[in-house]
Amino acid sequence: MTESETEADIARVSRQLRFGDRDKLLFMIREIVQGRAYTSEGVSLTSGSVVLDVGANFGVAAVFFALVCEAGAVFSFEPAPETFDILRRNVESISACRVRNVGLAAQPGVAELAYYADQPEISSFFADPDRDRAILVQAIVNSGLSIEEASARVDPTLRLAAVSCEMTTVSDFIDEERLETIDLLKIDVERAELEVLAGIRNEHWKLIRQVVVEAHELAHLQAVKQLLGARGFATTTVQDPLLTGTPIEIVYALRPPG
C-alpha cells in the first residue's frame, strides 16, 4: 500500500469520527489505520466480511473495518455506557455497523467494570490502577516525550468508578444473530481476553476464520496462543513499538488453508 493510499484511508476514517477525545482518537487512528494493528501478519478482510469487534471503544476499528476493509457486517461490543454513547454516534451513519452496549465473557450475566473517567480506553473488568498508569506512561515515553512529561499527562489517581454491565457470550450472540461465519474476531478487552474466548462453545469455533487478540499479560499471551493452537489456528505474535517495555502484545491467528 502506498503512502498516499494510507493517507486517504486515514482521512476517510478521521472524517467519520466526530465524537470523543481528539488526541485519543488520533492515537487509535495511527495504530489501527496507519499501523494496520488488526489486519497484519496475514489477517485480511474482503468485501462483505463479518467482523466481531469486541472492546470497540470509540469505534475507530469499526469504522476502519466498514469503510476501508468494506466489511459487510461489523458487530461492535462496548460495555461502558459513556464510551458506548460515543461509539454509537460515531458509527450510526454506517449501515454495516451494529453496536451492542454489552461486554463479552465466559458466561452471561452482570459484571462490574472499573471505569476510568479520564482514560476510558483502558477501563477493565480486571483493573489495576498502578499497573495501568505505568503502561500509559511507558507508551507516552515511547512516543517521544520524557518520563517527566509523560507522568504529568497521566492523572496520578486514575479516577475510577464502578459500573454494572450486562454480559453475554460470543456463542450466545452467534445463536442470536444466526451467524454462519465470522471472518474476524477482534478482541481488545484489557485483560479479559481469556474470558471472551471461554465464551465460545466447541461447535462455534469452526465458524471463525481469523482471530486477533491483544494480550495484556505474559500468562495471558501464552494461554491465548495455546488455546488458539489447539483450535487449529497458526499464531504470530507482534508488539507495537509504542508498547515496548510493557507486557502488551498482539496475537494474530489464522486457519491454515485446506
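The values are calculated or read from the model by the stated rules, or taken from the named source; none is laboratory data. Note that the structure is a prediction, hence the values are computed from the model and not measured. Here Cβ is always computed from backbone atoms with ideal geometry, including for glycine, and neighbour counts include all displayed protein chains. We work out accessible area using only protein heavy atoms, side chains counted, and drop any ligands, DNA or RNA first. Shrake-Rupley method; radii C 1.70, N 1.55, O 1.52, S 1.80 Å.
Suppose we keep only residues that are among the aliphatic types (A, V, I, L, M) and in contact with a helix residue (DSSP H, G or I) (Cβ under 7 Å, 6 or more places away or on another chain) within the stretch 137-158. Which one would you say is farthest from Ile187 (Cα to Cα)?
Pass one, the stretch 137-158, residues among the aliphatic types (A, V, I, L, M): 137, 139-141, 145, 147, 150, 152, 154, 158.
Subset that is in contact with a helix residue (DSSP H, G or I) (Cβ under 7 Å, 6 or more places away or on another chain): 137, 139-141, 147, 150, 154, 158.
On the way: Val137: 23, Ala139: 20, Ile140: 23, Val141: 25, Ile147: 30, Ala150: 27, Val154: 25, Leu158: 24 Å.
Selected residue: Ile147.
Within the stretch 81-117, which residues are in contact with a helix residue (DSSP H, G or I) (Cβ under 6 Å, 6 or more places away or on another chain), under 28 Å from Arg133 (Cα atoms) and not polar (S, T, N, Q)?
Leu104, Ala105, Ala106, Tyr116
Look at the stretch 106-119 and say how many of its residues are touching a Ser or Thr at 6+ places or on another chain (Cβ under 6 Å) and in a loop (DSSP other than H, G, I, E, B).
Final tally of qualifying residues: 1.
Return the residues of the stretch 116-140 that are over 22 Å from Val196 (Cα atoms) and in contact with a Gly (Cβ under 8 Å, 6 or more places away or on another chain); say none if nothing qualifies.
Gln138
Scan the stretch 112-134 residue by residue and report those that are aliphatic (A, V, I, L, M) and open to solvent by less than 30 Å² (accessible area, probe 1.4 Å). Talk me through it step by step, then tell me what you get.
We begin by selecting, within the stretch 112-134, every residue aliphatic (A, V, I, L, M); these are 113-114, 117, 122, 127, 134.
Result: Leu113, Ala114, Ile122.
If only one of Val33, Val63 is out of contact with any strand residue (DSSP E or B) (no Cβ under 8 Å at 6 or more places or on another chain), open to solvent by less than 10 Å² (accessible area, probe 1.4 Å) and within 27 Å of Leu207 (Cα to Cα), which one is it? Break it down into steps so the answer makes sense when it comes.
On the way: Val63 fails: out of contact with any strand residue (DSSP E or B) (no Cβ under 8 Å at 6 or more places or on another chain).
Only one candidate passes the filter, namely Val33.
If Phe75 passes every condition in (1) aromatic (Phe, Trp, Tyr); (2) open to solvent by less than 30 Å² (accessible area, probe 1.4 Å); (3) more than 22 Å from Val196 (Cβ to Cβ) but one, which one does it miss?
(3)
Suppose we keep only residues that are more than 20 Å from Met28 (Cβ to Cβ) and among the charged types (D, E, K, R) within the stretch 224-254. Which one would you say is farthest from the chain's Cα centre (by Cα)?
Here the residue is Arg231.
Name the strands (runs of 3 or more DSSP E) wholly inside the stretch 139-246 in which the number of residues that are surrounded by fewer than 21 Cβ atoms within 10 Å (Cβ to Cβ) is 2 or more.
Details: elements: 160-168, 184-187, 210-215, 234-238.
Answer list for the stretch 139-246: 160-168, 234-238.
Name the one entry in Leu104, Leu87, Leu17, Leu25 that is among the hydrophobic types (A, V, I, L, M, F, W, C) and over 14 Å from the mean Cα position of the chain (by Cα).
Details: Leu104 fails: over 14 Å from the mean Cα position of the chain (by Cα); Leu87 fails: over 14 Å from the mean Cα position of the chain (by Cα); Leu25 fails: over 14 Å from the mean Cα position of the chain (by Cα).
Of Leu104, Leu87, Leu17, Leu25, the one residue that is among the hydrophobic types (A, V, I, L, M, F, W, C) and over 14 Å from the mean Cα position of the chain (by Cα) is Leu17.
Need pairs with beta-carbon distance below 7 Å; first residue closer than 15 Å to Asp23 by Cα and within the stretch 111-138, second among the basic types (Lys, Arg); sequence gap 6+ or separate chains.
What qualifies is Asp118/Arg159; Glu121/Lys24.
Filter the stretch 139-181 for residues that are touching a residue at least 12 places away in the same chain (Cβ under 8 Å) and on the phi > 0 side of the Ramachandran plot and give the result.
Leu158
So which residues in the stretch 247-258 are aliphatic (A, V, I, L, M), under 16 Å from Glu217 (Cβ atoms) and either open to solvent by 70 Å² or more (accessible area, probe 1.4 Å) or not in a loop (DSSP other than H, G, I, E, B) (or both)? Break it down stepwise before answering.
First, pick out the residues of the stretch 247-258 that are aliphatic (A, V, I, L, M): 248, 250-251, 253-254.
Of the ones still in play, those that are also under 16 Å from Glu217 (Cβ atoms) are 248, 250-251.
Those that are aliphatic (A, V, I, L, M), under 16 Å from Glu217 (Cβ atoms) and either open to solvent by 70 Å² or more (accessible area, probe 1.4 Å) or not in a loop (DSSP other than H, G, I, E, B) (or both): Ile250, Val251.
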